[in-house]
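Notes follow once the structure below has been shown.
The values are calculated or read from the model by the stated rules, or taken from the named source; none is laboratory data. Model, not experiment: these values are computed from the prediction. Note that we place each Cβ from the backbone using ideal geometry, even for glycine, and neighbour counts take in every protein chain shown.
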Amino acid sequence: MKNLTPRQIVEELDKYIVGQDEAKRAVAIALRNRWRRKMVPSELREEITPKNIIMIGPTGVGKTEIARRLAKLAEAPFLKIEATKYTEVGYVGRDVESMIRDLVEISVKMVRDEEQKLVEERAKKEADKKIFEQLYLRKTELMTKYGLGTD
């Protein structure tokens, strides 16, 4: 995460979210505190609270968009799940255990995809390096064979 002040975080959120000034300010402070918590020694981290944010409000006011944009700023994964289809065990619908299972599966896939991207980037760089080495070697062989560039 970039070392942004709460004001800078709010300015970034303002680019995408209209209104909700109080909510944007609150999450900006929470994000900054998250960053600060990461900077203290691990034995003190547990003492710093709160560690979570809960946003409450009617449908359509921007809670999800604020959370999504905040996650992007924090370079953290964002996962949204619709909880209304989940019910208490014994009732019609999906139970909370299946929600946790779904969250874990989605999270594992997100991590796997991110790792895949890193491996692909490294593989591409390595392939480019090998191709360059082979081309350079071939060029050197041809120049030697035809007596070019020997002065």
Say whether the condition of being touching a Lys or Arg at 6+ places or on another chain (Cβ under 8 Å) and not in a helix (DSSP H, G or I) is met by at least one residue in region 22-35.
no
Inspect all residues belonging to region 105-113 and state whether any of them is assigned to a strand (DSSP E or B) and either under 30 Å from GLU82 (Cβ atoms) or at pLDDT 90 or above (or both).
no
Pull up region 40-70, narrow it to residues that are in a loop (DSSP other than H, G, I, E, B) and among the hydroxyl-bearing types (Ser, Thr, Tyr), then point me to the one that is surrounded by the fewest Cβ atoms within 10 Å (Cβ to Cβ).
THR59
Among the residues that make up region 132-149, is at least one of them loosely packed, with under 10 Cβ neighbours inside 10 Å and either at positive phi or in contact (Cβ under 8 Å) with a residue 40 or more places away in the chain (or both)?
yes
Number of the exception - ARG32 against (1) surrounded by 11 or more Cβ atoms within 10 Å (Cβ to Cβ); (2) out of contact with any helix residue (DSSP H, G or I) (no Cβ under 6 Å at 6 or more places or on another chain):
(2)
Pair list, Cβ < 6 Å and 6+ apart or interchain, from region 12-40 residues that are at positive phi to residues that are not in a helix (DSSP H, G or I)
GLN20/GLY62
